[in-house]
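The values are calculated or read from the model by the stated rules, or taken from the named source; none is laboratory data. Owing to the predicted nature of the structure, the values given are computational and were not obtained by experimental measurement. When we count neighbours, we look across all protein chains shown, and the Cβ atoms used for this are built from the backbone with ideal geometry, even at glycine.
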Amino acid sequence: MTAAVLGLSAFFHDSAACLVEGGELIAAVHEERLSRLKHDAAFPTRAVAACLAAAGRNLEAVKLVAFYELPFLHAERVLHTQVQAAPRGWKSFANAVTSLFGGKLWVEHQVHHALGYQGPVLTVPHHLAHAASAYLPSPFDQAAVLTVDGVGEWATTSIGRGVGPRLELLEEQRYPHSLGLFYAVLTGWAGFKVNSGEYKLMGLAPFGKPRFVEALRREVVFIGDDGTVRLNQRHFDFAGGGDAMGRDSLAALLGGPPRPAGAPLTEREADVAASAQQLCEEALVKLARRARATTGLDALCLAGGVALNCSGVRRIALEAGFAQVFVQPAAGDAGGALGAALLGAQWLEASARPTRRGRDAMQGALLGPALDEAEVEAALQRTGLRAEPQLADDAALDARVAQLLADGAVVGWVQGRSELGPRALGARSILADPRSNATRERVNRDMKLREAFRPFAPAVLEEHVDAHFELPAAARPAAPYMTVTARVRSFTGATASLQQPVEVRSDLAAVTHVDGTARLQTVSRSEHPRFHALLSAFHARSGVPVLLNTSFNLRGEPLVQTALDACRTFAHSALPVLVLGRRLVLREHQPPERLAAIERPVLGDD
């Protein structure tokens, strides 16, 4: 039996575990999917158990645990920052000390205590874990690597180089100068939750005008020609204990104080979002060009939370001079567990990189626990939902579901192994016909219970992508992970207003954003055959090789993981159809009192 390595991320946000065996990716899952606490930062005990179960292994098979950060270096930065803020930040300092010395520093002890594991524990630099998560599973034999996030131990940005199985970091930028923290501050200023609302700021940006750019560039953030970011600390409060992290001095530059959470969005917040996005994209393109110049390589791998800014990735693909760009689909901290596991496998066995099964080694990011028939039947029995008899085979299921979709139904779709990363990729998805503005409004309002401005992604049959989308050349031949935006060919305009329903003029109106782009997922027959078959069945009935694809959850809830999660979310949304494996549940067949009696999902801050 080959040696197994567990990779872990924990204690900040998006805890996760990843199991690697013989250098190959076996399983990976977010702790939140199992605990049902969104952005769960706890030690990932459940995720570890799920990864081991997926592999049919126990802890005795694990020869090394690798953690995605250097705890003592992280503590050095936290304590240094808090001391500098004293006495103003004394409460935050006390909380930081309690947290650090209460357990976060002693990762090895935590691993041994929580898991009952007594073997070696390897700690890995945070940005090296991000870099490994991007490069080692990538399609490239050699590539430049760019990681950008809020902050790791001290680093906020790094540039590296991968050649064969070897990976090294060449340059870094250090805290407090951070593109990720700058974007987070403006996320908070717009009234969204930091570390979870940044994607909302990106989605809001096309509704605004970047009228604050010059003031921000002059007073707040200085972006060098090489992408170096310098933040004027007079405007920031990273240690004072406040969630927004921005000082009152920003109010004069941004047209007023932060929007209170839950208050109506105005043009001011849209303009803040547009300004933040323009500056973020500018810095990302310059950083990518620097990575190209530093390494001399024509392929780029990206990770870190800022790499999830798919509009920024599009700019990189178009303007940075790379022939190919790959983004780790779990680019945030959860992906750090994957990078740590792969580095641990190399440390233990000097093993080569994981085998590419298709274009990359990520296996479509379908690395989570699998749905099985027994689980489905148990969930239906527990909730009392009335399901139709199980269909004979997948072809019969696809034909039935495709017809429901073509008739206008919105479908909760749960199949196979769940996705690693923040985006549903056709395993834990809500699906709908992509052609109508009304569909977008209905799914946002009734199924997802979220803001009307939020866009949806298209999943498209890979062989038909060029007919409907202009994918940047550096993102070709495929974009399977929703990590880059593409122009929608049929787009002719939109009304971009926060005060009235959004109207997009496009053949794919439900999945086209108001700027004419879409966060694309291409679906390959060889790499995602189950989802490809459903898309093909819908194409045969509708003539459209595209479906609206969004995560199967309610606002404030993690993606559903189990059949029981899906049943609870179905019961307390307006979804008309739920598909669990080969079982169909139709809302019209459910007594209202039965739906009301089903336990509600846990909804946290969104």
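Looking across region 405-426, the residues that are hydrophobic (A, V, I, L, M, F, W, C), in contact with a Ser or Thr (Cβ under 8 Å, 6 or more places away or on another chain) and in a loop (DSSP other than H, G, I, E, B) come down to VAL410, ALA424. Of all the listed residues (HIS109, HIS80), the sole one being surrounded by fewer than 16 Cβ atoms within 10 Å (Cβ to Cβ), assigned to a helix (DSSP H, G or I) and at pLDDT below 80 is HIS80. Going by what's in this entry, would GLN346 be described as outside any loop (DSSP other than H, G, I, E, B), of a type in the set (S, T, N, Q) and touching a residue at least 24 places away in the same chain (Cβ under 8 Å)? Against the criterion (outside any loop (DSSP other than H, G, I, E, B), of a type in the set (S, T, N, Q) and touching a residue at least 24 places away in the same chain (Cβ under 8 Å)), GLN346 qualifies. Checked against the criterion of being within 30 Å of THR355 (Cα to Cα) and touching an Asp or Glu at 6+ places or on another chain (Cβ under 8 Å), region 198-218 has no qualifying residue. Of GLU462, GLU441, all but one fail to be touching a Ser or Thr at 6+ places or on another chain (Cβ under 6 Å) and surrounded by fewer than 23 Cβ atoms within 10 Å (Cβ to Cβ); the exception is GLU462. If only residues of region 427-437 that are part of a loop (DSSP other than H, G, I, E, B) and touching a strand residue (DSSP E or B) at 6+ places or on another chain (Cβ under 6 Å) are counted, the one that is surrounded by the fewest Cβ atoms within 10 Å (Cβ to Cβ) is ALA427. Restricting to region 486-523, name every residue that is surrounded by fewer than 20 Cβ atoms within 10 Å (Cβ to Cβ), under 18 Å from PRO472 (Cβ atoms) and touching a residue at least 24 places away in the same chain (Cβ under 8 Å). Result: ARG487, ASP515.
All conditions but one from (1) of a type in the set (D, E, K, R); (2) in a helix (DSSP H, G or I); (3) under 20 Å from the mean Cα position of the chain (by Cα) apply to LYS193; the one that does not is (2). The one condition from (1) over 21 Å from the mean Cα position of the chain (by Cα); (2) closer than 27 Å to GLY335 by Cα; (3) among the basic types (Lys, Arg) that ARG445 does not meet is (2). Among the residues of region 11-28, those identified as within 23 Å of GLY305 (Cα to Cα) and assigned to a strand (DSSP E or B) are ALA16, ALA17, CYS18, LEU19, VAL20, LEU25, ALA27, ALA28.
Screening LEU548, LEU564, LEU584 for residues that are in contact (Cβ under 8 Å) with a residue 60 or more places away in the chain, in contact with a Lys or Arg (Cβ under 9 Å, 6 or more places away or on another chain) and within 22 Å of GLU441 (Cα to Cα) leaves exactly one candidate, LEU548. Pairing each residue of region 68-79 that is free of Cβ contacts under 8 Å to residues at least 60 places away in the same chain with any residue that is surrounded by fewer than 17 Cβ atoms within 10 Å (Cβ to Cβ), provided the two are 6+ apart or on different chains, yields C-beta distances under 8 Å for PRO71/LEU105; PRO71/TRP106; PHE72/LEU105; ALA75/LEU105; LEU79/VAL97. Residues satisfying the criterion are absent from region 534-545 (criterion: under 23 Å from the mean Cα position of the chain (by Cα) and of a type in the set (Gly, Ala, Ser)). On the basis of being in contact with a Ser or Thr (Cβ under 9 Å, 6 or more places away or on another chain), in a helix (DSSP H, G or I), crowded, with 17+ Cβ neighbours inside 10 Å and not assigned by TED's automatic domain parsing to the domain that holds ALA129, does LEU204 make the cut? No; evaluated as a whole, the condition is false for this residue. Regarding ALA365, is this residue at positive phi and hydrophobic (A, V, I, L, M, F, W, C)? In short, yes.
Condition check ((1) under 24 Å from ARG487 (Cβ atoms); (2) modelled with pLDDT of 95 or more; (3) crowded, with 23+ Cβ neighbours inside 10 Å) across all residues:
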residue: VAL221; (1), (2), (3): no, yes, yes
residue: ASN232; (1), (2), (3): no, yes, no
residue: LEU284; (1), (2), (3): yes, yes, yes
residue: ARG289; (1), (2), (3): yes, yes, no
residue: ARG292; (1), (2), (3): yes, yes, no
residue: LEU308; (1), (2), (3): yes, yes, yes
residue: ILE316; (1), (2), (3): yes, yes, yes
residue: ALA323; (1), (2), (3): yes, yes, no
residue: ALA331; (1), (2), (3): yes, yes, yes
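Filtered by the rule that a residue be buried (at least 21 other Cβ atoms within 10 Å of the Cβ) and in a loop (DSSP other than H, G, I, E, B), region 355-387 gives ASP360, MET362, LEU371, LEU385.
Just one of the numbered conditions (1) surrounded by fewer than 24 Cβ atoms within 10 Å (Cβ to Cβ); (2) over 25 Å from ALA496 (Cα atoms); (3) in contact (Cβ under 8 Å) with a residue 60 or more places away in the chain is not true of HIS177: (3). Here LEU548 does not fit the description of being closer than 18 Å to GLY203 by Cα and part of a loop (DSSP other than H, G, I, E, B). Among the residues making up region 476-491, those that are at pLDDT 95 or above, closer than 18 Å to GLN328 by Cβ and not polar (S, T, N, Q) are ALA479, PRO480, TYR481, MET482, VAL484.
Of all the listed residues (GLY152, GLY162, GLY116), the sole one being modelled with pLDDT under 95 and buried (at least 23 other Cβ atoms within 10 Å of the Cβ) is GLY152.
Taking the listed residues ARG541, ARG555, ARG568, the one that is in a loop (DSSP other than H, G, I, E, B) and basic (Lys, Arg) is ARG555, with no other qualifying.
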